[in-house]
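The block underneath contains the structure these notes are about, expressed in structure tokens.
The values are calculated or read from the model by the stated rules, or taken from the named source; none is laboratory data. Remember, it's a predicted structure, so these values are computed and weren't measured experimentally. Counting neighbours? That spans all protein chains shown, and the Cβs are built from the backbone with ideal geometry, glycine included.
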Amino acid sequence: MGYLPRIQIMHTSDEESGQIYIPRVNALLAVVCVTLVLAFRSSSALASAYGIAVTLTMLTTTALFFCVARRVWHWNIVPTIALCGLLGLVETSFFASNVLKLVHGGWLPIVIGGILFYGMTTWKIGREHIRRRLQSTMQFDQFVASIELSGLLADENRPHCVRGTAVFLASSAVGTPIALLNNLKHNRVIHERNILLTFVTERVPYWADGKPRLEITAMNDRFFRVIAHFGFMEIPTIEKIAEAAAAQNFDLRPNRTTFFLGRETLVPSKGKALSRLRRMVFRLMSRNAENAADFFQLPSDRIVEIGFPVEL
């Protein structure tokens with residue numbers, strides 16, 4: 001949903017896509033729970049914090065139920081408001097009875113929730129800002145056309161063509177990756193085969209065996225856009241991509257391929273898209289995001305990272 005950086009997520013059910021286990025979050029919960037036990041020392045001391053946490057969770061669940069009933073189940077507005085209003089009235093009375101306990105430990109879940117909310121919204125706002133900044137990049141078909149036309153007027157403008165296959169990981173199936181543009185800008189080279197690879201996780205546990213995993217669009221004999229489909233129970237790896245490519249008679253051998261990754265270097269923006277504190281939080285979360293090379297199990301000796309500045 002875009003509220004957290006890339007982290008390892010393990011799906012525990014092949015029937016429901018929302019049943020997940022996140023090792024980092026579980027480890028963080030363990031540390032926080034031990035800290036709370038040592039700090040409060042008794043269950044009675046934790047009662048105030050527990051009451052606030054439970055009643056706010058109930059209110060939040062009712063609000064989410066209203067959104068699901070309207071947007072997913074398409075319930076009529078009148079019965080939805082009536083049902084959620086009744087539930088909310090009861091839960092609000094429970095919460096009101098616990099408000100006086102805020103100074104006796106009830107502030108703790110609110111502070112924890114506020115910190116998590118601030119961090120998650122910071123990541124969402126920051127990534128949306130970066131996405132808008134990168135949307136202005138050249139469309140892929142325009143990029144391919146410009147490569148075909150380069151050198152017609154002056155031979156020194158023609159980029160050097162080198163042997164081999166280059167794969168550029170692209171988070172979006174539209175536009176041209178910054179890594180490809182910067183590689184051409186600074187190195188003045190183009191590989192004889194260039195593949196833009198995008199991973200898409202579908203809302204099915206496993207991608208059907210009879211369906212082709214890869215959508216391959218050939219722009220010409222040198223440029224290809226590949227969209228790889230995976231189920232939520234599958235781990236997207238480059239080896240599975242290579243197997244699917246061989247099954248579809250598309251040459252992609254990881255041990256003979258160079259993988260180009262883009263690395264964003266965050267620089268302060270004159271327009272101050274984010275406050276100073278949000279920028280600090282975003283940088284901290286960005287540094288702790290799981291590396292794309294490890295996430296997709298790319299061969300470590302075949303990776304080239306190209307940095308580019310992004311104002312934030």
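Scanning segment 191-207 for residues that are of a type in the set (A, V, I, L, M) and closer than 22 Å to VAL167 by Cα, which turns out nearest to the chain's Cα centre (by Cα)? Across segment 191-207, the extreme among qualifying residues is VAL200. Just one of the numbered conditions (1) surrounded by fewer than 17 Cβ atoms within 10 Å (Cβ to Cβ); (2) modelled with pLDDT of 90 or more; (3) in contact with a Lys or Arg (Cβ under 6 Å, 6 or more places away or on another chain); (4) of a type in the set (A, V, I, L, M, F, W, C) is not true of PHE259: (1). Identify the residue in segment 197-232 that is of a type in the set (Phe, Trp, Tyr) and assigned to a loop (DSSP other than H, G, I, E, B) and, among all such residues, is farthest from ALA247 (Cα to Cα). Once the filter is applied, the top-ranked residue is PHE232.
Which residue pairs have Cβ atoms closer than 9 Å, lie 6 or more positions apart in sequence or on different chains, and pair a first residue in segment 202-220 that is within 26 Å of GLU148 (Cα to Cα) with a second residue that is small (Gly, Ala, Ser) and part of a loop (DSSP other than H, G, I, E, B)? Every condition considered, the pairs that remain are GLU215/ALA173. Which pairs turn up if I take residues in segment 85-105 that are more than 12 Å from VAL54 (Cα to Cα) and look for partners that are of a type in the set (Lys, Arg) and loosely packed, with under 14 Cβ neighbours inside 10 Å with beta carbon separation below 6 Å, at least 6 apart in sequence or on another chain? Taking only residues 6 or more apart or on different chains, not a single pair turns up. Inside segment 9-62, can you point out the residues that are out of contact with any strand residue (DSSP E or B) (no Cβ under 6 Å at 6 or more places or on another chain), part of a loop (DSSP other than H, G, I, E, B) and either over 29 Å from VAL103 (Cβ atoms) or acidic (Asp, Glu) (or both)? Across segment 9-62, the qualifying residues are SER13, ASP14, GLU15, GLU16, SER17, GLY18, GLN19, ILE22. Is segment 245-254 home to any residue that is of a type in the set (D, E, K, R) and either touching a Gly at 6+ places or on another chain (Cβ under 9 Å) or not in a loop (DSSP other than H, G, I, E, B) (or both)? Among the residues of segment 245-254, not one is of a type in the set (D, E, K, R) and either touching a Gly at 6+ places or on another chain (Cβ under 9 Å) or not in a loop (DSSP other than H, G, I, E, B) (or both), which makes the answer no.
Just one of the listed residues (MET285, MET280) is outside any strand (DSSP E or B), surrounded by fewer than 13 Cβ atoms within 10 Å (Cβ to Cβ) and not assigned by TED's automatic domain parsing to the domain that holds PHE117, namely MET280.
Looking only at residues in segment 102-137 that are part of a loop (DSSP other than H, G, I, E, B) and surrounded by 14 or more Cβ atoms within 10 Å (Cβ to Cβ), which one is farthest from the chain's Cα centre (by Cα)? Per the stated criteria, the residue is GLY105.
Only residues that are more than 29 Å from HIS191 (Cβ to Cβ) and more than 19 Å from the chain's Cα centre (by Cα) were counted in segment 281-312, giving 1.
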